[in-house]
Amino acid sequence: MSTTEIGSHQVHPRALCESEHIGEGTRIWAFAHVMHGAEVGAACNIGEHVFLERGARVGDRVTIKNGVCLWDGVTIEDDAFIGPGVIFTNDRYPRSPRLEAVQARYAHAENWREPTTVGRGASIGAGSILLCGVTIGAFAMIGAAALVTRDVLAHAWMLGRPARRVGWACVCGRKLDAGLCCGACGRRHRSGAAGLICEEIAHA
Amino acid sequence: MSTTEIGSHQVHPRALCESEHIGEGTRIWAFAHVMHGAEVGAACNIGEHVFLERGARVGDRVTIKNGVCLWDGVTIEDDAFIGPGVIFTNDRYPRSPRLEAVQARYAHAENWREPTTVGRGASIGAGSILLCGVTIGAFAMIGAAALVTRDVLAHAWMLGRPARRVGWACVCGRKLDAGLCCGACGRRHRSGAAGLICEEIAHA
Amino acid sequence: MSTTEIGSHQVHPRALCESEHIGEGTRIWAFAHVMHGAEVGAACNIGEHVFLERGARVGDRVTIKNGVCLWDGVTIEDDAFIGPGVIFTNDRYPRSPRLEAVQARYAHAENWREPTTVGRGASIGAGSILLCGVTIGAFAMIGAAALVTRDVLAHAWMLGRPARRVGWACVCGRKLDAGLCCGACGRRHRSGAAGLICEEIAHA
């Protein structure tokens with residue numbers, strides 16, 4: 001990659017990185033824009049045409065594919081995957097803030113902004129759309145083209161519009177069998193309060 | 001914003017603005033491209049990675065979020081909100097214009113281009129897709145991820161694929177009650193020929 | 001277009017073209033990126049904010065509208081149309097490749113990458129999403145906002161999520177009548193092993 005090394009991370013010469021909070025080994029690709037006040041952890045891959053607004057927060061080892069926008073109020077935890085064209089939102093009742101009838105509402109972010117969190121190791125499939133205010137549990141697998149309208153349990157496999165749970169996902173990304181064991185990698189899981197827990201992954 | 005002031009509007013140095021018809025106070029953000037022959041009114045916000053083709057028309061106080069393309073034939077009226085990743089179209093039967101069998105059709109725009117209009121104060125939710133040839137009424141609220149396949153009444157609240165009316169929206173963006181009154185701001189509405197009319201908003 | 005002529009094709013000064021395999025007469029628009037190792041044929045139109053990854057292959061006379069990403073493993077055959085915001089994928093079980101539990105899987109592309117092919121003259125409507133591993137037949141017409149989950153027959157007209165066949169499309173982009181004849185251009189078609197065959201188009 002013909003990038004500029006800035007400290008220990010790499011920014012493509014056609015990208016724009018104004019943040020001072022970028023972790024070691026992270027790469028930011030062409031035509032991406034990371035605003036001042038956005039935070040990105042270590043060893044991340046920030047794809048082309050991505051936009052990170054002031055207030056967006058990204059953990060370590062996260063992959064964000066092309067064309068994704070992370071707004072103020074969006075948090076992506078460690079090891080998550082955000083597919084190409086995934087759309088986040090932060091306002092359930094959007095109007096143009098310049099419309100006179102709503103200017104008072106948009107004067108303070110707490111009047112309208114609802115936060116969204118994508119949990120550790122979760123995957124958001126290509127072209128999915130997340131309504132604001134939702135929390136995606138750890139290692140959940142949101143299929144391509146889903147519409148997420150409510151909170152998602154850890155390890156849940158979600159499909160459709162609105163997204164519904166059709167199974168459970170392993171840490172490795174494959175479907176679990178009825179005994180909550182993965183036929184591909186052998187990892188075992190058990191039920192917890194907010195979805196499944198993988199017995200072979202350390203939990204902080 | 002580290003922008004270039006061009007007359008009375010602002011163009012980010014990584015944006016490309018070739019149009020001479022940009023109104024006062026409008027901001028055009030990074031990696032956006034406004035072509036020669038596109039028209040944008042005053043006090044608009046044109047987001048990053050937006051594309052305005054020659055022939056696209058945008059009114060005053062409009063917000064266009066990231067990644068939206070407005071083609072020749074698309075008109076956005078005053079105070080409208082176009083969410084991130086919204087997709088417009090202008091051809092119902094698209095083929096590659098270089099395909100020999102269709103070159104005659106693409107020789108003249110009137111053979112294939114169908115116009116789309118988003119009315120005053122309307123909101124198009126994130127990731128919605130509008131088939132060409134439709135008109136969205138004033139202050140309509142199109143939910144995230146909708147597919148709009150036909151005309152939408154003024155103040156209609158639309159959801160789904162294809163989008164269907166599930167209620168009525170206030171000027172302020174909240175749902176109206178059964179008496180067409182807004183519980184949030186108190187504005188009252190009455191039925192008109194093409195949807196609702198807000199009794200407390202001046203109509204040109 | 002204020003472009004740089006490079007040999008016989010044109011690259012917008014704000015685009016980035018690193019490939020040496022671009023055919024004659026092809027135009028690459030602003031903020032697009034064609035990586036080294038991507039191949040594009042002659043007389044193509046590569047829209048703004050498009051990304052072609054190393055390994056993507058595009059035939060002759062193809063139109064790729066704004067914001068489309070073609071990954072390694074995606075092949076677009078001659079005369080095809082890819083609408084704005086169409087999303088391709090190349091991994092059915094995506095996880096962040098930096099997640100320790102999946103690093104071995106992502107070490108070799110054959111472990112996870114599934115190819116996708118769009119056949120000659122086919123159209124992929126705006127905002128459609130294609131799961132990886134599918135083949136779209138020649139002159140198929142995929143409607144806007146479809147989700148393609150399996151192979152599509154030649155000349156099939158597909159709508160919905162998941163996409164289902166609702167009719168047959170002519171080479172010219174119009175719907176065929178019950179006799180497989182086009183009311184618009186008069187071309188006639190017959191059934192073949194993998195969909196329809198147009199009797200008036202030469203087949204290689």
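Normalised Debye scattering of segment A:84-204 at q = 0.12, 0.14, 0.22 Å⁻¹ gives log10 I(q)/I(0) of -0.50, -0.63, -1.16, counting only Cα atoms as equal scatterers and leaving out solvent. Cα centroid distance between segment B:130-147 and segment C:43-72, in Å? Cα centroid of segment B:130-147 versus Cα centroid of segment C:43-72: 28 Å apart. For the pair segment A:167-201 and segment C:163-204, the centres of their Cα atoms are 47 angstrom apart. Hey, which of these cross-link pairs are over 25 Å Cα-Cα: B:Lys65/C:Lys175; A:Lys65/C:Lys175; B:Lys65/B:Lys175; A:Lys65/B:Lys65; B:Lys175/C:Lys65? From the list (B:Lys65/C:Lys175; A:Lys65/C:Lys175; B:Lys65/B:Lys175; A:Lys65/B:Lys65; B:Lys175/C:Lys65), the Cα-Cα distance tops 25 Å for B:Lys65/C:Lys175; A:Lys65/C:Lys175; B:Lys175/C:Lys65. When you restrict to C-alpha pairs under 8 Å that are six or more residues apart and normalise by the size of segment A:4-172, the relative contact order lands at 12 percent. Model label points for B:His108 and B:Arg164, set 7 angstrom from Cα along the Cα-to-Cβ axis, are 4.1 nm apart.
Ranked by how many other Cβ atoms sit within 10 Å of their own Cβ, fewest first, the residues C:Asp79, C:Asp72, C:Asp177, C:Asp60 fall in the order C:Asp177, C:Asp72, C:Asp60, C:Asp79.
Counted by Cβ distance under 13 Å from C:Ala42, the other residues give a net charge of -2, where Lys and Arg count +1 and Asp and Glu count -1. Each other copy holds its own label point for B:His36; taking that point as 7 Å from Cα along Cα to Cβ, the gaps run 3.5, 3.5 nm, nearest first.
Since only C:Met158, C:Val68, C:His108 are under comparison, the one whose Cα sits farthest along the positive direction of the charge dipole of segment C:4-172, derived from C-beta charges on Lys, Arg, Asp and Glu, is C:Met158. Positive contributions from Lys and Arg (+1) and negative ones from Asp and Glu (-1), summed over other residues with Cβ under 14 Å from the Cβ of B:Met158, come out at +4.
For C:Gly55, nonlocal amide neighbours, meaning residues 5 or more places apart or on other chains whose placed amide H falls under 5 Å from its own, are C:Ala38, C:Glu39.
The charge dipole of the protein assembly as shown, taken about its Cα centre with unit charges on the Cβ of Lys, Arg, Asp and Glu (plus for the first two, minus for the last two), comes to roughly 2200 debye. In this Cβ point-charge picture (+1 for Lys and Arg, -1 for Asp and Glu), segment C:15-130 has a dipole of about 360 debye about its Cα centre.
Neighbouring Cβ atoms from other chains, within 10 Å of the Cβ of residues in B:44-52, number 5 on average. Dipole orientation for chain A: of the candidates A:Gly25, A:Ala15, A:Ala193, A:Ala193 has the Cα lying most toward the positive pole (charges on Cβ; Lys, Arg +1; Asp, Glu -1).
Between identical copies, the spacing of A:Gly186 label points, each set 7 Å from Cα toward the C-beta atom, reads 7.0, 7.0 nm from nearest to farthest. In nanometers and ordered shortest first, the copy-to-copy spacing of the A:Lys175 label point, defined 7 Å from Cα toward Cβ, is 3.4, 3.4.
Which of the three applies to segment A:4-172, rounded, prolate or oblate, going by the alpha-carbon gyration tensor with a ≥ b ≥ c and a/c under 1.5 meaning rounded?
oblate
Dipole magnitude for segment C:54-204: computed about the Cα centre from +1 point charges on Lys and Arg Cβ and -1 point charges on Asp and Glu Cβ, it is near 340 debye. Across peptide B:75-85, the average count of Cβ atoms from other chains found within 10 Å of a residue's Cβ is 5. One equal scatterer on each Cα of segment A:5-68, no solvent, Debye formula: the resulting log10 I(q)/I(0) at q = 0.12, 0.22 Å⁻¹ is -0.21, -0.76.
Sparsely packed loop sites in segment B:1-78 (the chymotrypsin sites (Phe, Trp or Tyr not before Pro) outside DSSP H, G, I, E and B with at most 12 other Cβ atoms within 10 Å) do not occur. Taking a Cβ cut-off of under 11 Å around C:Leu16, the surrounding Lys, Arg, Asp and Glu residues balance to a net charge of 0, with basic ones at +1 and acidic ones at -1.
Each of A:Ala145, C:Val118, B:Ala126 was placed along the dipole of the protein assembly as shown (beta-carbon charges, centred on the mean Cα), and the one lying farthest toward the positive end is A:Ala145.
For the protein assembly as shown, the convex hull spanned by the alpha carbon atoms encloses 165 Å³ per residue.
Only the coordinates and a few stated rules stand behind these numbers; no lab work does. Predicted, not measured: the structure shown is a model, and the values here were computed from it. Glycine gets a Cβ as well: all are built from the backbone with ideal geometry, and neighbour counts include every protein chain shown.
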